[in-house]
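Single-structure report; data block below.
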């Protein structure tokens, strides 16, 4: 029968390896604890939000990593140069999110509710990757519960006020 130490040592080694691989897979631009994002204002389904704008690859990779929970009147909008199928994942997130994908005209093409965070190195292996299966030009991340609280539906439209 294996002793407690014989069981814990391989588990600890695996956890360290997973953590190191997870950290090495994050681009260096995303590792900084403090990243400045341009700010903007949008409107979704009649609700005005102040948003952080992720409009470059390093900002998009970094996303909301390490940030604390957002108030319901704030979010992050990912802005892409051309429509495409853009996936998101919850690496190093501290709270669950609602995610909304929009086409170039601001119409909703996909909604994900209450996507759980991946806070630890062990969770990176099973971290949720959301693939909308539809082309989008914008993705909005907001605190989980936003969609339900404000009655956002697939008929809601994104209006860019300033970004």
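Residues that are under 10 Å from the mean Cα position of the chain (by Cα) and at pLDDT 90 or above: which strands (runs of 3 or more DSSP E) entirely in the stretch 82-144 hold 2 or more of them?
97-102, 136-143
As an exercise: evaluate residue 69 against (1) farther than 24 Å from residue 36 by Cβ; (2) assigned to a loop (DSSP other than H, G, I, E, B) and give the number of the one condition it does not meet.
Every condition holds for residue 69 apart from (1).
If you check every pair at least six apart or on different chains, which have Cβ atoms under 6 Å apart with a residue in the stretch 114-125 that is on the phi > 0 side of the Ramachandran plot and loosely packed, with under 15 Cβ neighbours inside 10 Å first and a residue that is at pLDDT 75 or above and outside any helix (DSSP H, G or I) second?
Hits for this filter: 114/96; 114/144.
Check whether at least one residue in the stretch 41-62 is in a loop (DSSP other than H, G, I, E, B), closer than 27 Å to residue 149 by Cβ and modelled with pLDDT under 95, and report yes or no.
Yes.
Which one of these does residue 26 not meet: (1) at pLDDT 90 or above; (2) touching a strand residue (DSSP E or B) at 6+ places or on another chain (Cβ under 9 Å)?
It fails just one condition, (1).
The values are calculated or read from the model by the stated rules, or taken from the named source; none is laboratory data. None of the values given here were measured: they were computed from a predicted structure. Note that we place each Cβ from the backbone using ideal geometry, even for glycine, and neighbour counts take in every protein chain shown.
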